[in-house]
Amino acid sequence: MSEGKRVVLVTGSSRGLGRAMAETFGRRGYDVAVHYVSSAGPADEVVQAVVAAGGRAHAFGADVADPAACQELIKAVTEEFGALDVLVNNAGVTKDTLVLRMKDDDWQRVLNTNLSSAFYLARGALRGMLRTGFGRVVNVSSVVALRGNPGQANYVAAKAGLIGLTKALAREYAAKGVTVNAVAPGFIESDMTAALTPELRDAYLKEIPAGRFGTPQDVANAVAFLASDEAAYVNGQTLVVDGGMVMH
């Protein structure tokens, strides 16, 4: 099977990093399952962008914090495209506050959406991958999983959990033709970084040897590499995309 004929599901791909990933896979010839939680409009725009680039795409709505919804999502993607070869677990939410102020629901929602969803979806996708003898799972973690971040105990725990899940799955299924890796983005240009004061922006930039924030395309390129045939012998790794901010 040529790389361009493969099917990829990118969760949380109606905007931001996920959108860049979906469009990158589309340009590379993949069939792209674009996932959204509640807003179909932006997801449809991504579908149109993929189609305009000559690819095939379809939008799917699901709350990936719900295990039953994850099962239905895998089934729907497989029925639409006939297979699911690459799973990119990108969906995520934040509920930031200090631990002493963090409500149980704030903790649980972030863990369910950012970490448990990756387990539910990988469990569903792996069955098809094992039948075909090929699969790629890429989990989108974060540099905060490696260095911590105040006010984000739930988010940091979830992103660190993704790295552990990546290693466990990588050991379980490597001999079956499936690789599992993670990408850990650093500071990426986004609505959040655009809203920073000049002082804060300069302070963060001083921590980055590259002297700039990353772009969504920087992250998408790393994800596409890990999904490609060129990365067939890369397994259980966390590829940090942060301009050198965290070296571990």
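Being of a type in the set (Gly, Ala, Ser) and part of a helix (DSSP H, G or I) is the requirement here; does Gly151 meet it? Against the criterion (of a type in the set (Gly, Ala, Ser) and part of a helix (DSSP H, G or I)), Gly151 does not qualify.
Taking the criterion of being farther than 21 Å from Val110 by Cβ, crowded, with 22+ Cβ neighbours inside 10 Å, of a type in the set (A, V, I, L, M, F, W, C) and in contact with a Ser or Thr (Cβ under 9 Å, 6 or more places away or on another chain), the only residue of region 77-95 that qualifies is Leu84. Counting only strands (runs of 3 or more DSSP E) that fall entirely inside region 1-109 and contain at least 2 residues that are closer than 22 Å to Thr215 by Cβ and modelled with pLDDT of 95 or more, the qualifying elements are 7-10, 31-36, 86-89. When the test is whether a residue is under 29 Å from Ala69 (Cβ atoms) and of a type in the set (D, E, K, R), Asp191 passes it. Between Leu126, Leu121, Leu146, the distinction of being in contact (Cβ under 8 Å) with a residue 60 or more places away in the chain, under 19 Å from the mean Cα position of the chain (by Cα) and surrounded by fewer than 24 Cβ atoms within 10 Å (Cβ to Cβ) belongs to Leu146 only. Applying the condition of being touching an Asp or Glu at 6+ places or on another chain (Cβ under 9 Å) and more than 21 Å from Val88 (Cβ to Cβ) to region 197-239 and asking which residue is surrounded by the fewest Cβ atoms within 10 Å (Cβ to Cβ) yields Arg212.
Condition test on Ala158, is it more than 26 Å from Arg6 (Cα to Cα), part of a helix (DSSP H, G or I) and in contact with a strand residue (DSSP E or B) (Cβ under 7 Å, 6 or more places away or on another chain)? Answer is no for this residue.
Test Met245 against the criterion of being modelled with pLDDT under 95, over 20 Å from Asn112 (Cα atoms) and either touching a strand residue (DSSP E or B) at 6+ places or on another chain (Cβ under 8 Å) or crowded, with 18+ Cβ neighbours inside 10 Å (or both), and give yes or no. Here the answer is yes, as Met245 does meet what is asked.
The set of residues in region 49-76 that are over 25 Å from Leu226 (Cα atoms) and either surrounded by fewer than 15 Cβ atoms within 10 Å (Cβ to Cβ) or of a type in the set (Ser, Thr, Tyr) (or both) comprises Ala68, Glu72. Taken together, Asp66, Asp44 contain a single residue that is within 24 Å of Ala145 (Cα to Cα) and more than 13 Å from the chain's Cα centre (by Cα), which is Asp66.
Taken together, the residues in region 150-196 that are closer than 16 Å to Gly92 by Cβ and surrounded by fewer than 14 Cβ atoms within 10 Å (Cβ to Cβ) amount to 2. A single entry from Ala170, Ala222 fulfils the requirement of being within 23 Å of Val8 (Cβ to Cβ), without any contact (Cβ under 8 Å) to a residue 40 or more places away in the chain and of a type in the set (A, V, I, L, M, F, W, C): Ala222.
The values are calculated or read from the model by the stated rules, or taken from the named source; none is laboratory data. Here the structure is a predicted model, which is why all the values come from computation and not from measurement. Ideal geometry is used to build each Cβ from the backbone, glycine not excepted, and the neighbour counts take in all protein chains shown.
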